[in-house]
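Right, one structure below, let's go through it.
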Amino acid sequence: MLYREAGQFSVRYADDRRFFRLRQGRLGLAALLTFAFLGVPLLGNDYWFSAILIPFLVLSLAGLGLNLLTGYAGQLSLGSAAFMAVGAFATYNFELRLPGLPLLASIVLGGLSAALVAVLFGLPSLRIKGFYLIVSTLAAQFFVQWALTRFGWFSNYNSSGVITAPPLQVAGLDFSSPAGRYLLTLGVVSALFWLGANLARSELGRNWMAVRDMDTAAAVIGIPLLKTKLLAFAISGFFLGVAGALWAFTYLGTVEPHGFDLSRSFQILFIIIIGGLGSILGNFLGAAFIVLFPLLLSNLATLLPAGFIDAGQLENLQKMVFGVLIILFLIKEPEGLARLWQRFRERARLWPLRY
Amino acid sequence: MSAAALLELQDISLSFKGVRAISDISFAVAEGEICALIGPNGAGKSSLLNVINGVYQPQQGLIRFAGRECRAMRPHDAALGGIARTFQNIALFKGMSVLDNVLTGRNLKRRAGWLEQALRLGRAPGEDDRQREAAEQVLAFLRIQPWRDAIVGRLPYGLQKRVELARALAAEPRLLLLDEPMAGMNAEEKAQMSRFILDINREFGTTVVLIEHDIGVVMSLSDHVVVLDYGRKVGDGPPDEVRRNPEVIAAYLGTRH
């Protein structure tokens, strides 16, 4: 009954274009943002910031990056971690080699570098589709990791290829405490989600979906296929690059090329499959699932009587349970958590009636 | 043909790896008329539509559209020139809503760049309103407003056909190509679709080229009929004349040997 829409009419087209057509939705978002920006920094502790909230936010952003490319534009990719790595290492080098460049500017430049690399590896997408495109993006994955390890210049000749976070200062304020890093991450992620959600609903977003659903019809309507696909790669690369920079500098602090390996790409792919392809909210849900669920499992394991499970086997067991749950979940709801939420909302609209 | 031909095909030949699909076909479509392409299955009707809007490039021949002559069309140029079409097997964007499909049909009418739209600056919001208004007019014209927010893939077949017509119409085309707009429909739906096609032709002056198998519909709808058989043109003229053409009768009913 809280979700009443009676009396809320769209009287202008602009009303219909809002993210949330209902007042309840807008108030909910405002409350959530207020809580995230003001409440959480006061209430949370360092463990929550560093181990849960920051990786959750960064992975949501990475999910959004891949979702724009795969969920909206329909181009399969396994190179997400490579584009994250480019973003991280480029940001590091912009900070290192251009002293005095503001941190946010370096992050944006890092994102743009990742966009450039993504376009390069997206070029074959005009000719090859579907599973075969995975091979091209897989090449990005291996090539980038190889290049970052092979050429010491990228990590400023660090012997193990590790890069370290620059001082996290924005506009003279220090963000290096856990709460500060959380706020910095939250700010960047919120801004980019606003941008991404706008993009998905704009003409470009519709063109992406058109190319995804039926590319010959899209071409006949006058949608330039190459430009549309390459823009998807570029924008996806930008989002992933920024996510990579945040991953390296606000979450981990130090990172090596190996931190962006193929399993990271798979992790991001899982996020969007579990969360929901072609959904903005799904990225948050999928990332929450990926970050929180293993924690939940290990907490559950501690409840079991001591010695019930060998400590060495615990991690393997966790992975097995996690894998089985993903399979079960995908059988029950192939369209992801976002669809589940959508169905719940449709139900809630009518509750307590059924039709 | 009259002087005011909007579309003229001259000696078009198209083959796929040596298999002749269309040989030496020429005909003209006058501005504002409804032209029907008929013929048995495999006669090359759909291939001819694909040549007209650039999906296929013919090996030989000339296409003249709206005074511009070229060897072969490109889909993008055809769309820019004002050619819109529907497909034989519905080619809608299945994961998108009806409204989004129709809006996508108008994508060439937009001037604001993608960044402008993403940041909601400059021309973008005003343009959004105008695009929506135009899309709403199309939805109203084809009476599909109630399904505005429905996902296209979940609509029944007859409605999907209408949404596809709406998407093509949204582009405000000069030439509308309809590939079997009434295939698989019952009599009532066919009558409704015929009505829509006539209305589009009369109200907007849109030139229509359509492929249809139902001869009754073809004869009552079209001003001009072109008959194809085995990739050749066997008849061309007003419906009554084509109906009496012995070659056409032979193509449809066979000949006595």
- Would you mind stating whether B:Ile197 is closer than 17 Å to B:Gly32 by Cβ and part of a helix (DSSP H, G or I)? yes
- Looking at segment A:173-181, is at least one residue of a type in the set (Lys, Arg), more than 15 Å from the chain's Cα centre (by Cα) and either within 14 Å of chain B (Cβ to nearest Cβ) or at positive phi (or both)? no
- Enumeration of residues in segment B:37-67 that are over 11 Å from B:Ile211 (Cα atoms), part of a strand (DSSP E or B) and of a type outside the set (S, T, N, Q): B:Gly61, B:Leu62, B:Ile63, B:Arg64, B:Phe65
- Message: Being acidic (Asp, Glu) and either modelled with pLDDT of 90 or more or within 26 Å of B:Arg106 (Cβ to Cβ) (or both): is that true of B:Asp179 here?
- Response: yes
- Of the criteria (1) within 10 Å of another protein chain (Cβ to nearest Cβ); (2) modelled with pLDDT of 90 or more; (3) over 14 Å from the mean Cα position of the chain (by Cα), which one A:Ala234 fails: (1)
- Can you tell me which residue among A:Ser263, A:Ser298 is of a type in the set (Ser, Thr, Tyr), closer than 28 Å to A:Ala73 by Cα, exposed (fewer than 15 other Cβ atoms within 10 Å of the Cβ) and more than 12 Å from the chain's Cα centre (by Cα)? A:Ser263
- How many residues does segment A:303-326 contain that are surrounded by 10 or more Cβ atoms within 10 Å (Cβ to Cβ) and over 21 Å from A:Pro55 (Cα atoms)? 10
- Query: What number goes with the only condition from (1) free of Cβ contacts under 8 Å to residues at least 24 places away in the same chain; (2) out of contact with any helix residue (DSSP H, G or I) (no Cβ under 7 Å at 6 or more places or on another chain) that A:Arg206 does not pass?
  - Reply: (2)
- Condition met for A:Pro334 (loosely packed, with under 10 Cβ neighbours inside 10 Å and not in a helix (DSSP H, G or I)): no
- Message: Whether any residue in segment B:87-100 is within 25 Å of B:Arg202 (Cβ to Cβ) and modelled with pLDDT of 90 or more is what I want to check.
- Response: yes
- Residue in segment A:1-12 that is β-branched (Val, Ile, Thr) and either away from every other protein chain (no Cβ under 14 Å) or closer than 28 Å to A:Thr185 by Cα (or both) present: no
- Task: Could you check how many residues of segment A:58-89 are closer than 21 Å to A:Leu186 by Cα and either among the small types (Gly, Ala, Ser) or surrounded by fewer than 24 Cβ atoms within 10 Å (Cβ to Cβ) (or both)?
- Result: 9
- Message: Being charged (D, E, K, R), surrounded by fewer than 17 Cβ atoms within 10 Å (Cβ to Cβ) and outside any loop (DSSP other than H, G, I, E, B) is the filter here; which residues of segment B:130-159 pass it?
- Response: B:Arg130, B:Glu133, B:Glu136, B:Arg154
- Message: Suppose we keep only residues that are aromatic (Phe, Trp, Tyr) and within 14 Å of another protein chain (Cβ to nearest Cβ) within segment B:48-90. Which one would you say is nearest to B:Arg20 (Cα to Cα)?
- Response: B:Tyr56
- Query: All but one of (1) in a loop (DSSP other than H, G, I, E, B); (2) more than 9 Å from chain A (Cβ to nearest Cβ); (3) crowded, with 18+ Cβ neighbours inside 10 Å hold for B:Gly95; which doesn't?
  - Reply: (2)
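Within segment A:31-50, can one find any residue that is within 30 Å of A:Leu292 (Cα to Cα), of a type in the set (S, T, N, Q) and within 18 Å of the chain's Cα centre (by Cα)?
Restricting attention to segment A:31-50, the residues satisfying the condition of being within 30 Å of A:Leu292 (Cα to Cα) are A:31-50.
Next, from what is left, pick out any that are of a type in the set (S, T, N, Q): A:34, A:45, A:50.
Right, trim to within 18 Å of the chain's Cα centre (by Cα) and you get A:50.
Checked segment A:31-50: at least one residue is within 30 Å of A:Leu292 (Cα to Cα), of a type in the set (S, T, N, Q) and within 18 Å of the chain's Cα centre (by Cα).
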- Taking A:Thr185 as the residue in question, decide whether it is within 21 Å of B:Lys109 (Cβ to Cβ), of a type outside the set (D, E, K, R) and more than 9 Å from every other protein chain (Cβ to nearest Cβ). no
- Item | Unique residue being crowded, with 19+ Cβ neighbours inside 10 Å and more than 8 Å from every other protein chain (Cβ to nearest Cβ) when the list is B:Arg162, B:Arg123 | B:Arg162
- With (1) under 26 Å from B:Thr207 (Cβ atoms); (2) more than 8 Å from chain A (Cβ to nearest Cβ) as the list, and B:Leu115 as the residue in question, which single condition is left unmet? (1)
- Message: Which condition from (1) assigned to a helix (DSSP H, G or I); (2) buried (at least 24 other Cβ atoms within 10 Å of the Cβ) is the one that A:Pro55 breaks?
- Response: (2)
- Task: Could you list, in sequence order, all residues of segment A:1-34 that are surrounded by 12 or more Cβ atoms within 10 Å (Cβ to Cβ), free of Cβ contacts under 8 Å to residues at least 24 places away in the same chain and part of a helix (DSSP H, G or I)?
- Result: A:Tyr13, A:Ala14, A:Asp16, A:Arg23, A:Gln24, A:Gly25, A:Arg26, A:Gly28, A:Leu29
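Has segment A:110-125 got at least one residue that is farther than 27 Å from A:Ala191 by Cα and outside any helix (DSSP H, G or I)?
No.
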- Hey, which of the helices (runs of 4 or more DSSP H) in segment A:135-227, taking only ones fully inside, have at least 1 residues that are surrounded by fewer than 17 Cβ atoms within 10 Å (Cβ to Cβ)? A:178-201, A:215-221
- Note on the structure: Reported set for segment B:60-91 where residues are surrounded by fewer than 21 Cβ atoms within 10 Å (Cβ to Cβ), without any contact (Cβ under 8 Å) to a residue 60 or more places away in the chain and small (Gly, Ala, Ser) is B:Gly61, B:Gly67, B:Ala72
- Task: Return only the number of the condition from (1) under 29 Å from A:Arg201 (Cβ atoms); (2) more than 9 Å from chain A (Cβ to nearest Cβ); (3) free of Cβ contacts under 8 Å to residues at least 24 places away in the same chain; (4) assigned to a helix (DSSP H, G or I) that B:Val102 does not satisfy.
- Result: (3)
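The values are calculated or read from the model by the stated rules, or taken from the named source; none is laboratory data. Since this is a predicted model, take the numbers as computed values, not measurements. Don't worry about glycine lacking a Cβ; one is built from the backbone with ideal geometry, like all the others, and counts go over all protein chains shown.
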